[in-house]
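Read the figures in this text as sums done on the coordinates, not as results from a lab. The shown structure was predicted, so the numbers you read here are calculated from the model rather than taken from an experiment. Virtual Cβ from ideal backbone geometry, glycine too; neighbours counted across all protein chains shown.
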Amino acid sequence: MAQAIQQLINGLTLGAVYGLIAIGYTMVYGIIGMINFAHGDIYMVGAFIAVTSFTLLSAFGVSSVPFALLAVLVVAIAFTSVYGWAVERIAYRPLRASNRLAPLISAIGMSIFLENMVQVTQGARIKPIRPILTGGLDLFTQGTFTVRLFDTQILIIVTTVALMAGFTWLITRTSFGRQQRACEQDQVVTKVLGYNVDRIISVTFMIGAGLAAVAGVMVTVYYGVVDFFIGFVVGIKAFTAAVLGGIGSLPGAMLGGLIIGLVESFWATYLSAEYKDVASFAILILVLMFRPTGLLGRPEVEKV
């Protein structure tokens, strides 16, 4: 029981990271009906910005952990938002009226470009940082096993819950949220009503990139190492989470991320760590076989 609870905590932590990245996928798909396959590499760029920022703060003698975390989050979100805007402006906007294959190929090209840019500028080696948060809470002990909730896990879970609450308020209660939902329903009518559709789509890409940056910072603090290839692996898993929960559904993206995180955690502990990715994708296949729209997705209605 103690080990199961520990894996539950680990799985929820990992799933929260997947969920934050998956929201970016589902936002872009919801507003333009296309998948941003460069999104995983935006997350990777955010992680590298976090490593660089933590290193610089340490070099300048900044010892306050809350200040360092807040400063790194602000810097990472600012820079990756610019990357998100650039991906939309370069890879999607010129091809928005073309067939769906062209933007897909363009996004894959942007993904490869970002990976190689980071590899060339930062090197191919793993980039470590010193531990930022090392404490934790001992929940209870059963036999020789102690269930522990680490400070980094608390940080990730609390940050994810806060962002989800804030993001839900943004979408449901603000003017921009209404514009975004209108653009998702019909871009032509939204433009006729006087709204700048290009601006709405660009800001959506920037918000998704900002959430990916937060995930990158959290993973950097949690694991303490990054490399230029993490965007591909985590990006595919986050995309799987978005499809599993229902592509286009924000709660579904978070639910899918939590499910993928829990499956990986329990599978690696009780069965085989080498096949944890296979388990996640197998569950996706089963869900799509019996519920193609995902767990919380709604079937699209063709407008005539």
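Only one residue of T168, L155, Q7 has its Cα farthest out toward the positive end of the dipole of the chain, where Lys and Arg carry +1 and Asp and Glu -1 on Cβ, and that residue is T168. Shown for D277, D41: other C-beta atoms within 10 Å of each C-beta, ranked fewest to most, produce the order D277, D41.
Counting neighbouring beta carbons within 10 Å and listing from fewest to most, the residues Y83, Y222, Y275, Y18 come out as Y275, Y222, Y83, Y18. Starting from the Cα gyration tensor of region 2-228, take the square roots of the eigenvalues, sort them a ≥ b ≥ c, and report rounded, prolate or oblate (rounded when a/c is under 1.5, otherwise prolate if a/b is larger than b/c, else oblate). Prolate shape, in that a/c is at least 1.5 and a/b is the bigger ratio. Taking the chain as a Gaussian network of alpha-carbon nodes connected by springs under 10 Å, the highest mean-square fluctuation of the residues D198, D186, D151 belongs to D186.
Amide H to amide H distances under 5 Å link F150 with L137, where only residues 5 or more positions off or on other chains count and H is placed in the peptide plane. Taking the chain as the region of interest, the number of lysine pairs whose Cα atoms are within less than 27 Å, with members eight or more places apart or on different chains, is 4.
Residue exposure proxy: W85, W267, W169, ordered by other Cβ atoms within 10 angstrom of their Cβ from fewest to most, comes out as W169, W85, W267. Fully extending the segment from R181 to T146 would add 7.9 nm, taking 0.36 nm per residue of separation and subtracting the current Cα-Cα distance.
Taking the alpha-carbon centroid of each part, what is the distance from region 162-229 to region 26-91 in angstrom? Centre-to-centre (Cα) distance: 13 Å.
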